[in-house]
Amino acid sequence: MNNRSVWMRSKVLALVAGLALGLGGLLVAAGHAFSPSPAASFKLADANEGPSRIGFAPVVKKVLPTVVNISSSKVVKTPAGFSQMPSDPWFRQFFGDDFGGQFNVPREQREQGLGSGVIVSPEGYILTNNHVIDGASDIRVTLSDKREFKARLIGTDAKTDIAVLKIDASDLPSIVIGDSSKVQIGDYALAVGDPFGVGQTVTMGIVSATHRRTNLGIEDYEDFIQTDAPINPGNSGGALVNDRGELVGINTAIIAHGSEGNQGIGFAVPVNLARTVMDEILKNGKVTRAYLGIIPQDVTPAIAKAFGVKEPRGALVSDVSPNSPAQKSGLERGDIIVELDGKPVADSNQLRMTVSMMHPDTNVRLKVLRNGTERDMSVNLGELPVKEASLENDRNGSKSSLSGVSVEDMDTQTAQQLGLPPNTSGVVVTGINPSSRAAGSGLQRGDVIQEVNRHSIKTSSDFERAMRNSKDETLLLVNRRGSTLYVTV
């Protein structure tokens, strides 16, 4: 064996020996690490230490008994079925010649709904959403202790989607009502309700935005608290509380695409607004709102430049209603309202919300920009002109074909909300009794009735007279989102 072979062999042997030593060390280490302990011991929590102090358990424990489940039912009419089948001889063979009669008229069926509510007084008053109980003939409330009560509807306000219920109970746990004006972006937010009817559920998030306007037509008056705390179907009417367990909002709506469910964009009616509505309902049985009589719009940078204004602020008066408080005070189209009672006006929505929460006959001071010059004006607010007509029977006791249809007079503000020209005439449908003939006719809330049996309708008084004369089939000319169509009732 030559020297080179001896040298190579010694190197290989050395390498093998080194690997063996290293592997042995790993095996020893591994064996030491994974060998079972002969007397394993675990550290357990001290049973006397009590519950964890981290989290919202104390807050939730206080809030849960004040949040209730609301189940409602109403009668709706379904379209006639099997409209083409009676001509089939096979059906006539088994059911006779009168087979088609039972299918040619709309059929009534009972529709169920689920939602949530919040007990706001020990005497049994409950706040919830109007859409939770809208049109319901039976409303039942289930408390957290499983007791069930039949609820009375005290009053509703569709424009803010708030309703007040009452159950016959006393000494109930009631929530602490907070101050939604103090809510800030980034605050903790807990949404409490009964989503999908699975039982009381609490979700957590933060306040994502305040004074939010959706532009989706969810409500007439929108000043939402936005949160990413998951709000799901059945949460409507439930509580949005802060980290102290104070009620700051009534959960109302979410934005979701198709069937994707919660997207982390939920909205709650601020409790200050809900409380104002509730107080009005309890005091007067309805909500009365102050009325300025203008159509306001936001001042965009382009509008500010066109009007010679340095910054985009305030609310631009785009139209003034005839004989309104605004017209009587001297407000004109093109004025920009920048202050109300000494407080800055940020945009048109803020102005509308502020005025709507005032009482009629209130005198307010406005600071207005007109042709680049500031001027002070005083306006005595009126009452929002909402005249409803809903007639069940005429003087002779005969049922009108339009019974159960509620309407209110049109004005420029309502026309704008419906996307119609300011001079649109007619009366707008605000409600349809689900058990009425009109419920199966295709007539919808938001439709503007302009004719009844070829007679022009301009006011709710015109509509009421037409109702009295409509016993059989009635022909309506309806303006729906700018297009006219005929509807028979």
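Bear in mind these aren't lab numbers, they're just calculated from the coordinates by the rules spelled out. Quick caveat, the model's predicted, so the values are computed rather than measured. A quick note on method: Cβ atoms are made from the backbone with ideal geometry, for glycine too, and the neighbour counts reach across all protein chains shown.
In this structure, the pairs whose alpha-carbon distance is over 32 Å, taken from K286/K328; K305/K458; K166/K343; K182/K305; K159/K182, are K305/K458; K166/K343; K182/K305.
Modelled spin labels at R454 and K286, positioned 7 Å past Cα toward Cβ, are 3.5 nm from each other. The residues M358, M467, when put in order of fewest to most other Cβ atoms within 10 Å, stand as M358, M467.
All other residues with a Cβ under 13 Å from the Cβ of A209 taken together, and with Lys, Arg as +1 and Asp, Glu as -1, what is their net charge? Neighbourhood net charge equals -2.
Computed extension gain for K61 through A209, at 0.36 nm per residue and net of the alpha carbon distance, reaches 50.6 nm.
Taking Lys and Arg as +1 and Asp and Glu as -1, the other residues whose beta-carbon sits under 12 Å from that of G446 total 0. Could you pull out which residues in segment 170-212 have an amide N less than 18 Å from a spot 7 Å beyond the Cα of R244, following the Cα-Cβ vector? Once the point is set 7 Å along Cα→Cβ of R244, 174-191, 207 turn out to lie under 18 Å by backbone N, inside segment 170-212.
Extension gain for Q263 to Q112 (0.36 nm times residue separation, less C-alpha to C-alpha distance): 51.8 nm.
Just the number, please: Stokes-Einstein D of segment 224-315 in µm²/s, Kirkwood Rh from C-alpha pairs, 25 °C, 0.890 mPa s. Translational D for this selection: 150 µm²/s.
For segment 145-180, applying the loop criterion from DSSP together with a ceiling of 10 other beta carbons within 10 Å to the trypsin sites (Lys or Arg not before Pro) yields K146.
Between S73 and K310, how high is the FRET efficiency from 1/(1 + (r/R0)^6) when r is the Cβ-Cβ distance and R₀ = 35 Å? Nearest 0.05. After rounding, the FRET efficiency stands at 0.05.
Within segment 429-466, report the trypsin sites (Lys or Arg not before Pro) that DSSP leaves as loop and that have at most 11 other Cβ atoms within 10 Å.
Hits after loop and neighbour filter: R454.
Between K182 and Q327, the simple label model (points 7 Å from Cα in the Cβ direction) yields a spacing of 4.5 nm. Can you tell me how segment 290-383 classifies by the Cα gyration tensor, rounded, prolate or oblate, using a/c under 1.5 as the rounded cut? Note, shape of segment 290-383 comes out prolate. The ranking of M353, M278 from fewest to most other beta carbons within 10 Å of each one's beta carbon is M353, M278.
Electrostatic tally near V355: other residues with Cβ closer than 11 Å to its Cβ, Lys and Arg +1, Asp and Glu -1, net +1. Overall form of segment 156-277: rounded. Here a/c, set by the Cα gyration tensor axes a ≥ b ≥ c, is under 1.5. Extension gain, S461 to T300, is 54.0 nm, computed as 0.36 nm per intervening residue step minus the present C-alpha separation. Placing dummy labels 7 Å off each Cα toward the beta-carbon, the span from R370 to V198 is 6.0 nm.
For the modelled label position 7 Å from the Cα of N380 along Cα-to-Cβ, which residues of segment 306-337 have backbone nitrogen atoms closer than 20 Å? Hits in segment 306-337 for N380 at 20 Å: 321-332.
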